[in-house]
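The values are calculated or read from the model by the stated rules, or taken from the named source; none is laboratory data. Computed from a prediction, not measured in an experiment: that's the story for all the values here. Cβ sites come from the backbone with ideal geometry, for glycine too, and all protein chains shown count toward neighbours.
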Amino acid sequence: MPLHLEQVDWMPSPPLAPEDGPLDIGHLRRMTLGDAGLEAQVLAMFLAQTDSLSVALAGLPADACVLAHRLKGSARAIGAFRLADAAGQLEAAILHRGDPAAPLVDLTEAVAQARSAIAEILRRDANPKA
């Protein structure tokens, strides 16, 4: 029986080593298919989500593991890999009944860095000549 091969164009994978910085812009652009309007919408939604999730996580509620996991996935989707790693560390600490204090501090710092970078991108895109 002959083998039928067909070429399939795949979306590139995220880099193994993310760009230096809180947000991998190349990854974000690939995930939004280069659509600047979609990119801005996704970033604005992410800002709102990180605001509510980080406030909730600060109190380490019973569902903190689920919230950290949600934040980890969202962060990876937009290229905020440092934030995703910090959320993953908090998730692991909670799952393994470790001390979540240090991972929570790291997560708080990563959220602040990512939010600052996103705010700058949105500000720059809103005022391209500024």
Some residue of segment 121-130 being over 17 Å from residue 21 (Cα atoms), charged (D, E, K, R) and in contact (Cβ under 8 Å) with a residue 60 or more places away in the chain: yes
Residue among 102, 126 that is modelled with pLDDT of 95 or more, among the aliphatic types (A, V, I, L, M), more than 13 Å from the chain's Cα centre (by Cα) and surrounded by fewer than 20 Cβ atoms within 10 Å (Cβ to Cβ): 102
Residue match in segment 77-92 (condition: charged (D, E, K, R), more than 12 Å from the chain's Cα centre (by Cα) and under 16 Å from residue 22 (Cα atoms)): no
Count - residues of segment 48-71 that are within 13 Å of the chain's Cα centre (by Cα), surrounded by fewer than 16 Cβ atoms within 10 Å (Cβ to Cβ) and of a type in the set (A, V, I, L, M, F, W, C): 1
Hits in segment 87-111 - residues which are in contact with a helix residue (DSSP H, G or I) (Cβ under 8 Å, 6 or more places away or on another chain) and outside any helix (DSSP H, G or I): 98, 99, 100
Subset of segment 28-46 [surrounded by fewer than 15 Cβ atoms within 10 Å (Cβ to Cβ) and in contact (Cβ under 8 Å) with a residue 60 or more places away in the chain]: 36, 44
Residue identified as in a helix (DSSP H, G or I), buried (at least 22 other Cβ atoms within 10 Å of the Cβ) and not acidic (Asp, Glu) among 84, 114: 114
Residue pairs meeting the criteria (Cβ under 8 Å; at least 6 apart or on separate chains; first in contact (Cβ under 8 Å) with a residue 60 or more places away in the chain and at positive phi, in segment 72-101; second of a type in the set (Gly, Ala, Ser) and assigned to a helix (DSSP H, G or I)): 79/26
